[in-house]
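Remarks on the structure that follows.
The values are calculated or read from the model by the stated rules, or taken from the named source; none is laboratory data. This one's a predicted model, so the numbers in the text were calculated from it and none came from an experiment. Quick reminder, even Gly has a Cβ in these numbers, built from the backbone with ideal geometry, and neighbours come from all protein chains shown.
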Amino acid sequence: METVDLSAVSTASRVAEPNEGISAEELQLAARNHGMPLEALRYDVTPAGLHYLLTHYDIPAVDPSTFRLVLDGHVRTPLSLSLDAIRSRPAVTSVVTLECAGNGRARMSPRPVSQPWLLEAVGTARWTGTPLAPLLSEAGIRDGAVEVVFTGADHGIERGVEQDYQRSLSLSEATRDDVLLVYEMNGAPLLPQHGFPLRLIVPGWYGMAHVKWLSRIEVVTDRFDGYQMRAYRVREQSAEHGVPVTRIEPRALLAPPGFPDFMSRHRVLRAGRTMIEGRAWSGWGPVTAVQVSIDGGDHWESATVEPVPNLGGWARWTWPWDATVGNYVLTARAEDGTGRSQPVDPRWNRGGFANNHIQHVPVTVINQDTPTSP
């Protein structure tokens, strides 16, 4: 059989040249995937159609009538479960915030060439499924097990490597009570693009861990070193081993006030009292403080942070602003209970991962009676 060089059909990882514009390949990715419009921060739970979406390969067509989830590997009793069998198990509903590990990548300089996220790669949904830990217990994890590998039905090529999408969790992470095998989103069956018929939800972790179109769970005795485990690492040079991307760094986003210009999205707001609001979250624990600035981060004011209704979800925050005529740059920053907070400037790395530097929203405040048309 003739050998085919897969590297010929896959673009090597690279960093954009200075002043290099977004490429046609990046636009193609941006057209397939989408972020959450920031005005949707007003919702406690993001409607499914507004929730951010990242699909590495194709959205697979999975027949629910023939679907089987295989759980095998280093276990005493391998399992093969139909969707009905999974749905018949004890159900749990949990509100969980998901954020792409590359959120904010397109604002870095030099820009890592990949899905060009600005700030909208986030969403919070009400996920319903069954806990993974009891299933692993039923299968009987044997001594010597180290990790659990999750395989999705999506298949493709990345950086020359043909693969099914696969990620792993340590045994301690996989057996957490809140890790779920999910079949519903916001009270309805998973949409095809969100992993129908079954996906993994790992509260607190970046989106790459929440494997969609889940088809196999394998308990293994060695550290899994698949492509997606090597790719999602924070490194400055391509030859570095790097640090694994895991839990979500704290972030606050504000819902842009007023109304936007069509092309630039620059905000226009009429003078007077307005309530600035947004959401804040962290994978390391509840957000304990949010600060707001109207001058791009030179001076900060404390916002009111509402109690987190669900530990895996985001918190609403508000700050009243008596806006006077002028030009402003609004921003917000969050801090969690571990002391982690958002930097003003981005911390650069080759993948643009775990980048939680602050948002900037330019706003022009006009008089109440100022017309906006020529």
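Number of residues in region 293-304 that are closer than 30 Å to Ser94 by Cβ and buried (at least 21 other Cβ atoms within 10 Å of the Cβ): the value is 1. Flag: Pro250 does not match the condition of being within 20 Å of the chain's Cα centre (by Cα), loosely packed, with under 15 Cβ neighbours inside 10 Å and modelled with pLDDT of 95 or more.
Let's see how each residue does on (1) assigned to a helix (DSSP H, G or I); (2) modelled with pLDDT of 95 or more; (3) of a type in the set (D, E, K, R):
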{"position": "Asp63", "(1), (2), (3)": "no, yes, yes"}
{"position": "Asp72", "(1), (2), (3)": "no, yes, yes"}
{"position": "Gln115", "(1), (2), (3)": "no, no, no"}
{"position": "Glu120", "(1), (2), (3)": "no, yes, yes"}
{"position": "Thr124", "(1), (2), (3)": "no, yes, no"}
{"position": "Ala133", "(1), (2), (3)": "yes, yes, no"}
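Checking Pro90, Pro116 one by one, the residue that is over 19 Å from Lys212 (Cβ atoms) and either in the same structural domain as Val361 (by TED's automatic domain parsing) or over 16 Å from the mean Cα position of the chain (by Cα) (or both) is Pro90 and no other.
Listed conditions (1) out of contact with any Ser or Thr (no Cβ under 6 Å at 6 or more places or on another chain); (2) of a type outside the set (A, V, I, L, M, F, W, C); (3) not in a loop (DSSP other than H, G, I, E, B) are all met by Pro203, apart from (3). Residue by residue through region 310-330, note down the ones that are of a type outside the set (Val, Ile, Thr) and without any contact (Cβ under 8 Å) to a residue 40 or more places away in the chain. Result: Ala315, Gly326, Asn327, Tyr328.
Hydrophobic (A, V, I, L, M, F, W, C), in a helix (DSSP H, G or I) and within 30 Å of Ala145 (Cβ to Cβ) - does that describe any residue in region 85-96? Looking for residues that are hydrophobic (A, V, I, L, M, F, W, C), in a helix (DSSP H, G or I) and within 30 Å of Ala145 (Cβ to Cβ), one finds at least one in region 85-96, hence yes.
Evaluated against (1) farther than 29 Å from Gln228 by Cα; (2) under 20 Å from the mean Cα position of the chain (by Cα), Thr364 falls short on exactly one condition, (2).
For Arg167, the test of being modelled with pLDDT under 95 and more than 30 Å from His360 (Cβ to Cβ) is failed. Taking strands (runs of 3 or more DSSP E) as the structural unit, no element lying wholly within region 288-374 holds at least 3 residues that are farther than 24 Å from Leu98 by Cα, among the acidic types (Asp, Glu) and in the same structural domain as Ala101 (by TED's automatic domain parsing). Annotation for region 228-241: no member residue is under 18 Å from Gly313 (Cβ atoms) and either in a strand (DSSP E or B) or among the hydrophobic types (A, V, I, L, M, F, W, C) (or both). Taken over region 161-186, the criterion of being assigned to a strand (DSSP E or B) and either small (Gly, Ala, Ser) or over 19 Å from Tyr57 (Cα atoms) (or both) is satisfied by Ser168, Leu169, Ser170, Leu180, Leu181, Val182, Tyr183, Glu184, Met185.
Among the conditions (1) outside any strand (DSSP E or B); (2) within 20 Å of Ala133 (Cα to Cα); (3) in contact (Cβ under 8 Å) with a residue 24 or more places away in the chain, the only one that Phe196 does not satisfy is (2). Just wondering, is there one or more residues in region 48-63 that are exposed (fewer than 15 other Cβ atoms within 10 Å of the Cβ) and touching a helix residue (DSSP H, G or I) at 6+ places or on another chain (Cβ under 9 Å)? Yes, region 48-63 contains a residue that is exposed (fewer than 15 other Cβ atoms within 10 Å of the Cβ) and touching a helix residue (DSSP H, G or I) at 6+ places or on another chain (Cβ under 9 Å).
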